[in-house]
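Asker: Encoded as structure tokens, here's the structure I'll be asking about.
The values are calculated or read from the model by the stated rules, or taken from the named source; none is laboratory data. On a predicted model such as this, the values are computed, not experimentally measured, just so you know. Virtual Cβ from ideal backbone geometry, glycine too; neighbours counted across all protein chains shown.
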Amino acid sequence: MMFMWGAGGVLMMLMMLLFWGVVIAGLVVGLRWLIAQGRPTGRDEALEILRQRYARGEIDKQEFEARKRDLGV
């Protein structure tokens, strides 16, 4: 009879660890989602236009680097 109580106790302990693991994982995922909501998504449009102009040859490397610095990149 003692074996059954011991096995039940171990099972209960594992279930409790699983429960708290799910709760903590849910909190972490929820917080990361909330933090990500404040960030802008996608690429910087101004930098993309600058790269396209450089690729087409409209501006040279020095002007590209200077404008890139002006954008704060």
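Asker: For the stretch 27-35, does any single residue satisfy the condition of being of a type outside the set (S, T, N, Q) and modelled with pLDDT under 90?
Answerer: At the first step, the residues of the stretch 27-35 found to be of a type outside the set (S, T, N, Q) are 27-35.
After this cut, where a residue has to be modelled with pLDDT under 90 as well, the list is 35.
Looking through the stretch 27-35, at least one residue is of a type outside the set (S, T, N, Q) and modelled with pLDDT under 90.
Asker: Please list, ordered by first then second residue, the pairs with beta carbon atoms under 7 Å, 6 or more apart or interchain, first in the stretch 52-73 and assigned to a helix (DSSP H, G or I), second small (Gly, Ala, Ser) and surrounded by 12 or more Cβ atoms within 10 Å (Cβ to Cβ).
Answerer: Short answer, once both residue conditions are applied: 71/46.
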